[in-house]
Amino acid sequence: MPFGVGPTELIIVLVIVLIIFGVGKLPEIGGAMGKAIREFRASQSGQDEAATKSDVESEAKKG
């Protein structure tokens, strides 16, 4: 595991996240995190901004 994080620590973090945000907000948070990671990877790989911008706009229309 990266940074020396084991399964026990991951479970503790997930329980804390559940307590703080609740079950209803988890899909929304997960979607936002996924979108942020995709945008970060696209900017690191050097894709042009027009393609990334169109992807973001199409996702905004979906949800």
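Structure above, values below:
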read-out: Solvent-accessible surface (1.4 angstrom probe) belonging to residue 39, in square angstrom, nearest 10; value: 70 Å²
read-out: Global form of segment 1-45, assessed from the alpha-carbon gyration tensor, a/c cut-off 1.5; value: oblate
read-out: Accessible heavy-atom area order of 23, 15, highest first, probe of 1.4 Å; value: 23, 15
read-out: Residue 39-residue 15 pseudo-label distance in nm [points 7 Å out on the Cα-to-Cβ vector]; value: 3.4 nm
read-out: Nearest-10 value in Å² for the accessible area of residue 35, using the 1.4 Å probe; value: 70 Å²
read-out: Sequence of 3, 40 when ordered by accessible area, the most exposed leading, probe 1.4 angstrom; value: 3, 40
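The values are calculated or read from the model by the stated rules, or taken from the named source; none is laboratory data. These numbers come from a predicted model, not from an experiment. Cβ atoms come from the backbone with ideal geometry, glycine included; neighbour counts cover every protein chain shown. Side chains included, ligands, DNA and RNA excluded: accessible areas come from the protein's heavy atoms. Shrake-Rupley method; radii C 1.70, N 1.55, O 1.52, S 1.80 Å.
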